[in-house]
Structures are given as C-alpha cells and as structure tokens.
Amino acid sequence: MLDRLKALPFNLAVSNNHYLNLLLRIAIPILGVGLCKRGIQMIDLFWIGKISDVAINVYAVAMTVAMILFFLSFIMSYGVTVPASQAIEADQSQFRQIIWAGYALNAVLSVFTICVVFLFIDDILVLFNLQPSEHAAAILYSQILSVDIALGYFINFMISTLNISHQARGVIKLWFIAFILNVGLDYVFMFGVGSFQGFGLVGCAIATTISSMFVLIGLLVCHDVMIKGFFTHRLKLAACQSIVKNGFYPMLSQMSRPLLDALILILIMDYGEKVLAAYNLGTRAFQIALLFFLACDIAMTTELSKALASRDQHRIEQVKTAGLILCLLLSFPILLFFLFFGDSLMGLLSQNDYIIYMSSSFIFMRTVFGSFYIFLAYLQSAFKSYKKSYIPTIVTYLVLCLNVILIVFATQFYPLEERKLWLMISLSALLELIFLMLFIPLLSDKRSALKESVT
C-alpha cells in the first residue's frame, strides 16, 4: 500500500501560500453556506425534539428521501465546476454558455423532482413501515420540502458558479440571515404565536422553504452575472452535455450516502424507536463534519481543473500540495470537536438519556473512522479533476454494497448490540479509502491526464 502512495504525482516538497489562499477563498464560502444550512437543520431538530422522539423519526425519514433527490443537484454543482473552471481561464463566452445551460437543466430537474415527490412519495414511504399518522405527516412534509429542494438546485448551482470566479463571499451573509430568519419562522409555524396556531411538524418544512426563497431572491438581486446568461446566449446542447457528463458520476457518488442512510433506517427498524432516533440524531449531526470534507473536495477540484487547463506542470503541483494542506487544515478541528464535545451536542438535541448515550457512541465511532475522509476527499478531487470521476463512483458503490451486506448480517441474521452496529456502519470511509488507493497509479500518467483535461 505504501508503494501505491509513492505513485501519487504530488510533490509534497512544493508549497505556495498563493494557491492555498485561492483554495480557501473557494472552501470558506462553501463551508460557511454549508454550516448555515446544517445550522437550520439542527434548529429544526431542536424544535422537533420538543414535540416527540417519534416526530424526529418522521422528520428523518422525510429528510432521507428528500436528500436522495437533493443530491441530484450535484450534477449541476460538480458538472459545472470542471468545464466552467477551464472556460473562465480562456473563453468568457463559453463560460456564460455553460451558466445558461445550467439554468435550463436546473429548471428541468426542479419540475422532475416536484412531480416525483407528489406522484410517488406515498409508495416510497411504505418502505419505512411508519404508523398511519406518521406516514401521513411524512407525505405532507415531503411534498412541501420538494419545493425547497427545487429552490436548492438553483441556489447550489449559483454558488458553484460564483465560487469559480471567487465572488461567493456575500453568499455567507445571505445564508446567515436565512439562518436567523429560520429560527423565528420555525417557532411561529410549528407552535404558533397569539391567535395564529402553528402546523406542528409540517410548519418546519414551511419555514425552511421560506428561508430558501429568501436566499434565492438575494442571489438573483445581488449577482447580476447570474441573470445575464438568460439573455445574452443561445442555449447550446453541447454545453448541457458537458455539464451532465462531468457531473453524473460525482452525483452518483454523493447520492450513495443518503441511499445508505435510507437502507440502514429500513434495516434497523426492529431495534426500536429510541435506537432509530439515536441513529438519526447522530447522522444529522455528523453531516456537519462531512461539510468540511465537501468544501475541500470542491475547492481542489475547481483549482486543479484550472491548473490542468493551463498545462503548467509547476502550477499543478502547487495546487495539489495546497489541496492536501487545506484538507488537513479544515478537517482536524471539526473532528476534534466531535471527538470531545459530541455528547454535549447530542444533549442539546434530545431530552432522553438513552438516546443521548447511544447517539454519542455513534458520533464517536463516526469521528474515529471519519479521519479517513481527509485523504478520501483529497483523492476524489484529484480523480474528478483528471476527468476520471467514474473511478471514485465505482469504488463508492462497491463499498456501499459491502457495507449493506455487513449491516444485513449484523441486523437480520446475527443481531449485534447497538454499539457494534455503529462500528459496522462507520467502516465505509476506511474501506472506500483502501479501494481508491488501488487506483492511484492512474494519476501518475501526467501526459495522458493533461491531454484528457483539455480535450
């Protein structure tokens, strides 16, 4: 395995603060926006926890289905990163054509998502064996949330485009205002104020959707670069194909996580509502840590794509080195936070001592194995930049299948105690890194990779 690490075409002796600063200018806005979004989810969980533990499970099931659909947005956010990063270096006209194509694809994707939810959500939720009252609440919650997902497609695409041109700083302010707005809206729409009676759990979905509308309007008003694409270029099929081609495999890879969450929820139903609530709380909380890895991934993919387009080998080495430093710089603090304060965070989200204990043990397991995500994010971004994104996707789904097999045995054939089950679930990061390292030699062929990146 060490021999394969040596095959990495990364010169770790090279360092340059300029490229690290460029990566930070991309990663920090992504991270800030992501933290505001997760903050909104944590506030949602806080208020929902005041209703009941059952309400947490209904919310988690609806959000799991919603996240599977939301991850379709990665076709756009990842799909635009490579071609737009390369186009902005050489051809502004092509850059705007890609933006326009992205808007058109987002519109189609939004209509598709809303239709799927309204037509098939009843059949999808049957898989989770909810009680009739819970099932009805989950349906209504998902239908309202489908509008929020559609808005999220456009928001994510706009932010990705702004990140490429290093103009995304103002986005954090928009999302922070949305976060503050959501805190108040959650309470009003869930519990009511004065003569206005709240809607309970469903009010949470209404509040989230209104917050997303605010962000979308703010982006359209504040960033005219987004609007110009509608009027100054004809829609070109080649630009749409480029986005889909570059974003399809990363989207599949990202979608594996909510798919795995959905399968795990189905498999651990027999463990009872408290274990389900513990898993749901731990999973939602650890998504905060995953944001840090995602920010590193997108930042390095963006700048490494630009470097490959320039054909400057020295610049490529600089970006790779800065990318590794970025992954280490951003990821270790959040992992240490969850390692030492994960139980305190769980205590804020639940009032049940058993749920707090079980969710804390889950967070601990995920954090220990989550350290492998540092190198996993680094390698995945390299494969995407070299237009070999199908490799991480294949590895991700191979590990997903292995993980599901392990969990099936651990829950159905040889039931394990809950903490051992958490260990089984947490193994995916380590397995994925091991398998991906087998393909590292494919990155050592610099000449073919450079040729592929500019064709």
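Residues in segment 84-126 that are in contact with an Asp or Glu (Cβ under 8 Å, 6 or more places away or on another chain) and among the aliphatic types (A, V, I, L, M): none. Put simply, of Val82, Val111 the only residue that is out of contact with any Pro (no Cβ under 9 Å at 6 or more places or on another chain), within 16 Å of Asn246 (Cβ to Cβ) and not polar (S, T, N, Q) is Val82. Search segment 395-444 for residues being small (Gly, Ala, Ser) and in a helix (DSSP H, G or I), and hand back the single one that is nearest to Leu379 (Cα to Cα). Filtering segment 395-444 for residues that are small (Gly, Ala, Ser) and in a helix (DSSP H, G or I), the one nearest to Leu379 (Cα to Cα) comes out as Ala429.
The rows are residues; the columns are (1) more than 17 Å from Tyr279 (Cα to Cα); (2) in contact with a Cys (Cβ under 6 Å, 6 or more places away or on another chain); (3) in a helix (DSSP H, G or I); (4) polar (S, T, N, Q).
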{"site": "Ala299", "(1), (2), (3), (4)": "yes, no, yes, no"}
{"site": "Glu303", "(1), (2), (3), (4)": "yes, no, yes, no"}
{"site": "Lys306", "(1), (2), (3), (4)": "yes, no, yes, no"}
{"site": "Gln318", "(1), (2), (3), (4)": "yes, no, yes, yes"}
{"site": "Leu324", "(1), (2), (3), (4)": "yes, no, yes, no"}
{"site": "Ser331", "(1), (2), (3), (4)": "yes, no, yes, yes"}
{"site": "Leu336", "(1), (2), (3), (4)": "yes, no, yes, no"}
{"site": "Ser344", "(1), (2), (3), (4)": "no, no, yes, yes"}
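Against the list (1) closer than 30 Å to Thr81 by Cα; (2) at pLDDT below 90, the condition Ile177 fails is (2).
Restricting to segment 355-378, and then to whatever is under 17 Å from the mean Cα position of the chain (by Cα) and aliphatic (A, V, I, L, M), can you tell me which residue is surrounded by the most Cβ atoms within 10 Å (Cβ to Cβ)? The selected residue is Ala377. Against the numbered list (1) closer than 26 Å to Gly218 by Cβ; (2) buried (at least 24 other Cβ atoms within 10 Å of the Cβ), Ser110 comes up short only at (2).
Yes/no matrix, rows are residues, columns are (1) free of Cβ contacts under 8 Å to residues at least 60 places away in the same chain; (2) over 19 Å from Ser389 (Cβ atoms); (3) of a type in the set (S, T, N, Q):
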site: Tyr59; (1), (2), (3): no, yes, no
site: Phe70; (1), (2), (3): no, yes, no
site: Ser73; (1), (2), (3): no, no, yes
site: Val82; (1), (2), (3): no, no, no
site: Arg96; (1), (2), (3): no, yes, no
site: Leu105; (1), (2), (3): no, no, no
site: Val108; (1), (2), (3): yes, yes, no
site: Val116; (1), (2), (3): yes, yes, no
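Collect the residues in segment 342-354 that are surrounded by 13 or more Cβ atoms within 10 Å (Cβ to Cβ) and free of Cβ contacts under 8 Å to residues at least 40 places away in the same chain, keeping them in residue-number order. Once the filter is applied, which keeps residues that are surrounded by 13 or more Cβ atoms within 10 Å (Cβ to Cβ) and free of Cβ contacts under 8 Å to residues at least 40 places away in the same chain, segment 342-354 yields Asp343, Gly347.
Note on segment 67-102: among residues that are buried (at least 24 other Cβ atoms within 10 Å of the Cβ) and in contact with a Leu (Cβ under 7 Å, 6 or more places away or on another chain), the one that is farthest from Val202 (Cα to Cα) is Ala101. Taking into account only those residues within segment 189-209 that are among the β-branched types (Val, Ile, Thr) and surrounded by 16 or more Cβ atoms within 10 Å (Cβ to Cβ), which is modelled with the lowest pLDDT? Looking at residues that are among the β-branched types (Val, Ile, Thr) and surrounded by 16 or more Cβ atoms within 10 Å (Cβ to Cβ), I get Val202. In segment 403-446, the residue that is modelled with the lowest pLDDT out of those that are among the charged types (D, E, K, R) and in contact with a helix residue (DSSP H, G or I) (Cβ under 8 Å, 6 or more places away or on another chain) is Lys446.
If we scan segment 171-178, do we find a residue that is farther than 26 Å from Leu45 by Cβ and either assigned to a helix (DSSP H, G or I) or in contact with a Phe, Trp or Tyr (Cβ under 9 Å, 6 or more places away or on another chain) (or both)? For segment 171-178, residues farther than 26 Å from Leu45 by Cβ and either assigned to a helix (DSSP H, G or I) or in contact with a Phe, Trp or Tyr (Cβ under 9 Å, 6 or more places away or on another chain) (or both): absent. Only residues that are surrounded by 19 or more Cβ atoms within 10 Å (Cβ to Cβ) and either at pLDDT below 85 or not in a helix (DSSP H, G or I) (or both) were counted in segment 43-57, giving 6.
The values are calculated or read from the model by the stated rules, or taken from the named source; none is laboratory data. These numbers come from a predicted model, not from an experiment. Glycine gets a Cβ as well: all are built from the backbone with ideal geometry, and neighbour counts include every protein chain shown.
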